[in-house]
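Working notes, structure below.
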Amino acid sequence: MMTKQPLYLNREGKTTGPFDWNTLQSMFAHEKLQGFDWYWDPIGEAWKPIDELVGAIAAEYVPPQPQIAPPPVLHQPTHPTAVESQSQIGSNVDPDGPIVIPRQKSAQATVTHLPRVAYVDSKARMLPPISVICFDGEKTYSGTLERASEKRCWISSFPGEGKPPFLESQEIRINLLSEATLSTVTTRVKILKLDNLGSVWNLELQWLDRPTEMITDLNGNIPLPD
């Protein structure tokens, strides 16, 4: 059964979210959801193909009914009468002279300049990062594996992710997703230190079950010394 909890999405090794169910439905309707590769299943505690989520939303999605706008009301232009014109011009106008109707000022159109949008070619990136989901059965937190050693690893949160919902010395589980090798693994860690680096949080973790095949730095797949 598909959960309706807020979900993380992953594309090319980068995790975004979490997105609530209404947002996911809107992304599906605008064909943006289909561009992702994986979604995080908090019940199964694993990454799953995005096609499963797309299929679940498509099965219950009801497109909104189009709004029919009422026909516009056409207003006939009116011209002031002679009496109205004289009262608008003033009492000093010769009543026996010609009637002068003042010109109406035409409304000036306002030009709105939309900002240009810069598009980045994602294919220009080198090795995609290792995406990380931290969880304890109730709360989740996302980031990127910066480096790892035989005993420890360091994770940086995404900007704006906020303070991690965990405590130092707490034991949690993390899931590592490598788009470079199309592999994912879940393991246990202990939080050694939480550092606030402005808009980013750094988590220093100790391996409790070391995933040997995924202990790498991001430059050359070489384990770092402690």
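Structure notes:
- Relative packing of 194-202, 169-177, which averages over residues the other C-beta atoms within 10 Å, highest first: 169-177, 194-202
- Phi-based couplings in Hz for the range 12-21 (Karplus 6.51, -1.76, 1.60; Gly and Pro marked x): 6, x, 9, 9, 10, x, x, 10, 6, 5
- Label-to-label distance for LYS4 and THR16 is 2.4 nm, based on points extended 7 Å past Cα in the beta-carbon direction.
- Estimated distance in nm for a label pair at ALA180 and ASP136, the labels positioned 7 Å out from Cα along Cα-to-Cβ: 3.1 nm
- Sparse-neighbourhood loop sites, GluC sites (Glu not before Pro) in the range 9-56 - DSSP loop, at most 12 other Cβ within 10 angstrom: GLU31
- Approximating the spin labels as points 7 Å out from Cα along Cα→Cβ, the LYS48-to-GLN170 distance works out to 2.5 nm.
- Relative packing of peptides 150-156, 3-9 - highest average C-beta neighbours within 10 Å first: 150-156, 3-9
Read-outs throughout are calculated quantities, based only on the coordinates presented, and are distinct from any laboratory measurement. Computed from a predicted structure; not experimentally measured. Using ideal geometry, Cβ is built from the backbone for each residue, glycine included, and neighbour counts are taken over all protein chains shown.
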